[in-house]
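The values are calculated or read from the model by the stated rules, or taken from the named source; none is laboratory data. This is a predicted model, so every value here is computed, not measured. Because the Cβ atoms are built from the backbone with ideal geometry, glycine has one as well, and the counts that use them run over all protein chains shown. For the accessible areas, the whole protein counts, side chains as well, though only heavy atoms, and no ligand, DNA or RNA atoms are used. Shrake-Rupley method; radii C 1.70, N 1.55, O 1.52, S 1.80 Å.
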Amino acid sequence: MRQRLFFLILFVSSMAFAATDSTTIFQGYSGGMMLHAGYLFGDNPTAVLPDGSSLSSKGMTCGIGGSLRVNLMRHLRVGCEGFVSTMNSQYTNQRKYLQSGSYVRTGWGGVLADACWRGEHIWHFVGGSVGGGAMRTLAVSQGSEEDWLPEESAVLHKQGFMYINPYMGIDWCMTKRVHVCLRMDWMLAFAERSVLFPTGPRLYVGFMFCH
């Protein structure tokens with residue numbers, strides 16, 4: 001709770017600062033695609049496998065997505081984004097690895113706002129996004145994806161969520177029109193009044209095209 005409150009105060013403070021330092025309201029827009037990789041972890045006590053154990057997920061995740069921003073005034077940027085991320089490495093609480101083909105796939109999208117400080121070659125930014133998405137989990141405790149036989153020990157689950165996603169990063173200005181964007185975030189997804197697991201940090205890299 002304290003961590004979420006800290007990020008919320010930081011986000012609101014940065015937006016307030018951005019809105020007070022204005023010149024021309026519209027100052028262009030930017031958008032592009034980004035790849036990401038991260039590390040997710042966390043126990044889900046409501047996910048029970050056929051052998052009676054609860055599901056614990058831990059491993060690397062990767063995916064792709066994109067964002068579009070409109071530059072307003074001197075520091076404020078608003079826009080939208082959408083991503084999909086897949087984690088294949090999972091195991092049960094007894095540290096028994098699930099069969100190949102098991103995954104946790106998360107898709108999300110929403111609106112964003114950040115404060116951006118523009119240097120000659122480097123832009124620094126901090127902000128956040130809010131929106132919704134869905135997490136799909138396939139956990140196969142026995143069986144194989146290499147045959148065509150029915151799997152008798154598997155769990156398939158899909159759950160919607162809302163999220164808050166604080167982030168920070170930099171843009172490296174290769175040219176006036178092309179930037180390399182580096183960003184780090186930690187999405188906090190909420191479902192049924194609790195934090196949805198697995199969760200963890202992600203690092204993004206991509207090209208932004210500015211106009």
When only residues in the stretch 191-201 that are over 13 Å from T106 (Cα atoms) and assigned to a strand (DSSP E or B) count, which is farthest from the chain's Cα centre (by Cα)?
-> S194
Residues of the stretch 146-162 that turn out to be open to solvent by 70 Å² or more (accessible area, probe 1.4 Å) and more than 19 Å from Y91 (Cβ to Cβ), as a count = 7
Top-ranked residue in the stretch 99-130 [being under 30 Å from H157 (Cβ atoms) and of a type in the set (F, W, Y); ranked as surrounded by the most Cβ atoms within 10 Å (Cβ to Cβ)] | W108
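Considering only residues of the stretch 56-98 that are in contact with a helix residue (DSSP H, G or I) (Cβ under 9 Å, 6 or more places away or on another chain) and open to solvent by less than 20 Å² (accessible area, probe 1.4 Å), which is modelled with the highest pLDDT?
Per the stated criteria, the residue is R77.
With respect to T106, determine if the residue is of a type in the set (V, I, T), in contact with a Lys or Arg (Cβ under 9 Å, 6 or more places away or on another chain) and farther than 26 Å from C181 by Cα. If you could, list the steps in order and put the result at the bottom.
On the way: of a type in the set (V, I, T): yes; in contact with a Lys or Arg (Cβ under 9 Å, 6 or more places away or on another chain): yes; farther than 26 Å from C181 by Cα: no.
So T106 fails the test.
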Quick one: which residue in T175, T137 is in contact with a His (Cβ under 7 Å, 6 or more places away or on another chain), hydroxyl-bearing (S, T, Y) and either closer than 17 Å to L40 by Cβ or open to solvent by 40 Å² or more (accessible area, probe 1.4 Å) (or both)?
-> T137
Filtered residues of the stretch 168-194 (kept if touching a residue at least 60 places away in the same chain (Cβ under 8 Å) and hydrophobic (A, V, I, L, M, F, W, C)) | C181, M187, L188, A189
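From the list W117, W108, W148, W186, exactly one residue is more than 14 Å from the chain's Cα centre (by Cα), aromatic (F, W, Y) and within 29 Å of V78 (Cβ to Cβ). Which is it?
Working: W108 fails: more than 14 Å from the chain's Cα centre (by Cα); W148 fails: within 29 Å of V78 (Cβ to Cβ); W186 fails: more than 14 Å from the chain's Cα centre (by Cα).
Of W117, W108, W148, W186, the one residue that is more than 14 Å from the chain's Cα centre (by Cα), aromatic (F, W, Y) and within 29 Å of V78 (Cβ to Cβ) is W117.
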Could you grab the pairs with beta carbons closer than 9 Å, sequence gap of 6+ or different chains, first residue in the stretch 148-164 and of a type in the set (A, V, I, L, M), second one part of a loop (DSSP other than H, G, I, E, B) and open to solvent by less than 50 Å² (accessible area, probe 1.4 Å)?
-> L149/G143; A154/L49; A154/S102; A154/G143; V155/L49; I164/M187
Quick one: in the stretch 99-121, of everything that is within 23 Å of G38 (Cβ to Cβ) and among the aliphatic types (A, V, I, L, M), which residue is modelled with the lowest pLDDT?
-> V104
